[in-house]
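Structure, as structure tokens:
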Amino acid sequence: MNGRARFCLRGILIVSLGLSLASCADQRKSDGKVISKLPFGGVNAPVSQQKITGKVDIAGWALSEAGIESVSIYVDRTFVADCSTGLPRPDVAKAYPNLPDSGVSGWTVTFDSTNFSPSWHELTVQAKSKAGATRDLASLPIVVQH
């Protein structure tokens with residue numbers, strides 16, 4: 001790799017790292033106090049490229065230092081449903097013992113795929129903190145079959 005290519009690659013990495021760090025930055029009030037960091041979490045089901053028929057449960061977990069206000073499901077960027085939150089997740093509590101509500105960070109919703117055409121769709125899960133910060137936890141391609 002020549003010097004110019006290495007420089008460009010380093011620049012890309014630095015810019016990418018900067019964007020990643022910026023996207024995780026704290027939100028602050030005008031007095032400088034931290035409101036919260038962005039929510040984070042995961043989706044346990046379904047998995048990427050899963051074939052879905054009928055009604056299926058979508059489930060996972062979400063945390064925020066400010067607490068989780070809601071977890072919402074979107075299909076092809078259109079709102080579908082809000083999830084039930086506050087479900088027990090001892091595994092998450094063990095991994096994040098210092099974060100509030102980590103033991104009840106689970107969420108779930110039943111998704112009725114019969115409302116969608118049989119084809120590929122994009123399933124997005126978005127968490128919102130009690131401070132108003134939002135983050136997409138996942139954006140998964142799924143296949144609806146009838």
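The values are calculated or read from the model by the stated rules, or taken from the named source; none is laboratory data. All of these numbers come straight from a predicted model, not from anything done at the bench. Please note: Cβ atoms are built from the backbone with ideal geometry, for glycine as well, and neighbour counts cover all protein chains shown. Heads up: the accessible areas ignore ligands, DNA and RNA and are worked out on the full protein's heavy atoms, side chains in. Shrake-Rupley method; radii C 1.70, N 1.55, O 1.52, S 1.80 Å.
Can you list the strands (runs of 3 or more DSSP E) found entirely within the range 53-146 that contain at least 2 residues being among the aromatic types (F, W, Y), open to solvent by 50 Å² or more (accessible area, probe 1.4 Å) and on the phi > 0 side of the Ramachandran plot?
No strands (runs of 3 or more DSSP E) qualify here.
Cβ-Cβ distance below 8 Å, separation of 6 or more or different chains: which pairs start in the range 77-95 with a residue that is under 22 Å from K55 (Cβ atoms) and modelled with pLDDT of 95 or more and end on one that is open to solvent by 40 Å² or more (accessible area, probe 1.4 Å) and among the aromatic types (F, W, Y)?
The qualifying pairs are V80/Y74.
When you check S48 against the structure, is it open to solvent by less than 80 Å² (accessible area, probe 1.4 Å) and either without any contact (Cβ under 8 Å) to a residue 24 or more places away in the chain or assigned to a loop (DSSP other than H, G, I, E, B) (or both), yes or no? So that I can check it myself, show each step before the final result.
Numbers: open to solvent by less than 80 Å² (accessible area, probe 1.4 Å): yes; either without any contact (Cβ under 8 Å) to a residue 24 or more places away in the chain or assigned to a loop (DSSP other than H, G, I, E, B) (or both): yes.
Yes: the conditions hold for S48.
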